[in-house]
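Everything on this sheet refers to the single structure shown next.
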Amino acid sequence: MRVHVLGSAAGGGFPQWNCNSGNNQRLHEGTTRAQARTQSSITVSADGERWVLINVSPDVRQQVIGFPGLRPAPGTRETGIAAIVLIDSQIDHTAGLLVLREGAPLNVWSTEPVREDLSTGLPLFKLLEHYCTVNWNEISLQQPEFRIPQAPGLAFRAIQLESAAPPYSPHRNDPDPNRGDNIGLLITDERTGGKLFYAPGLGKTGPGVADAMAAADCMLVDGSFFYEDEMVRMSVGTKPASAMGHLRQSGPGGMLELLGDYPDKRRVLIHINNTNPILDPDSPERAEVEAAGVEVAYDGLDIEL
Ligand code: MLT
Ligand code: MN
């Protein structure tokens, strides 16, 4: 399986359009070695021709143009995007659907609560009916294994996650991992047996997450915040990481400690918020991540499994 990181930043990207502090300010000034990053999305393919787009970020146009696998071919109006999987209904994971409105029917896979959000609070599916067809397919937590006919060779397993529905969702303050507002994906290449665990929004660990991590050869997991109180430390917000559905990397019970249980696997942090000091390759926090044998994703990262 080929895995290509299209966007490694959290919502807002890096730099964020209205931010002039910390990493953002240093990037504007050219005084950091940190690299700009687009918003959260990856794409995977078993054959290198038919690609599954996982999440559709507001930066999707730039991401598609920048990656040859997704360029229009072989027809005159074509795309390498065989299907789309949405793991939640967050704006940074779905707003790019509007950018794909000129396309042929979009084959979209999600859980029912994500379909509900995208038909009500953020009615992208309703809007798109006026531009292109959305062929929606349900990811059921009762039958979490699914295959996508348009992208053969890959088996997908939905992993229930404790995270958070978006601020506009009626479920925002009523988390229930059994409902399916947020899922992770365990993706298996049926020929090579290679397995990827993808969970860019992961608030808490649980048995499903532990099983997926144990099964995976490589994991791309929530790297949003290094500190629980990072927004407060950086004077840009009040919410703790956990209130936004993200497990911080530092400290007891943090992501780095959790990843320490899997020293032989490839472990990569993704969905990195623009406040996170690990964006700066010269920061002590980045040194701590690297000393733990953990990588920091960047746009364009390719992984073969
Ligand atoms: C999140 O995962 O918390 C989102 O990135 C929030 C957002 O889209 O602004
Ligand atoms: Mn996000």
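The values are calculated or read from the model by the stated rules, or taken from the named source; none is laboratory data. Because the structure is predicted, anything quoted here is derived from the model rather than measured. Positions of Cβ are backbone-derived with ideal geometry, glycine not excepted, and every protein chain shown enters the neighbour counts.
The table that follows gives values for the structure above.
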{"quantity": "Residue match in region 35-44 (condition: touching a helix residue (DSSP H, G or I) at 6+ places or on another chain (Cβ under 7 Å) and aliphatic (A, V, I, L, M))", "calculated": "yes"}
{"quantity": "Residue tally, condition crowded, with 18+ Cβ neighbours inside 10 Å and either within 16 Å of ligand 2 (Cβ to nearest atom) or hydroxyl-bearing (S, T, Y) (or both), over region 54-78", "calculated": "8"}
{"quantity": "Residue ID - surrounded by the most Cβ atoms within 10 Å (Cβ to Cβ), chosen from residues in region 79-98 that are within 16 Å of ligand 1 (Cβ to nearest atom) and of a type in the set (V, I, T)", "calculated": "I87"}
{"quantity": "Criterion violated by R179 - all others in (1) buried (at least 23 other Cβ atoms within 10 Å of the Cβ); (2) more than 16 Å from ligand 1 (Cβ to nearest atom) satisfied", "calculated": "(1)"}
{"quantity": "Filter result for L100 (out of contact with any His (no Cβ under 7 Å at 6 or more places or on another chain), within 16 Å of ligand 2 (Cβ to nearest atom), at pLDDT 95 or above and over 28 Å from K195 (Cα atoms))", "calculated": "no"}
{"quantity": "Given (1) modelled with pLDDT under 95; (2) crowded, with 18+ Cβ neighbours inside 10 Å, number of the condition L305 does not satisfy", "calculated": "(1)"}
{"quantity": "Selected residue (criterion: nearest to ligand 2 (Cβ to nearest atom)) from residues of region 1-39 that are among the β-branched types (V, I, T) and within 18 Å of the chain's Cα centre (by Cα)", "calculated": "T38"}
{"quantity": "Qualifying position, being surrounded by fewer than 20 Cβ atoms within 10 Å (Cβ to Cβ) and either out of contact with any strand residue (DSSP E or B) (no Cβ under 6 Å at 6 or more places or on another chain) or closer than 29 Å to F156 by Cβ (or both), among A297, A287", "calculated": "A287"}
{"quantity": "Selection count where residues are in contact (Cβ under 8 Å) with a residue 40 or more places away in the chain and assigned to a helix (DSSP H, G or I), scope region 101-125", "calculated": "4"}
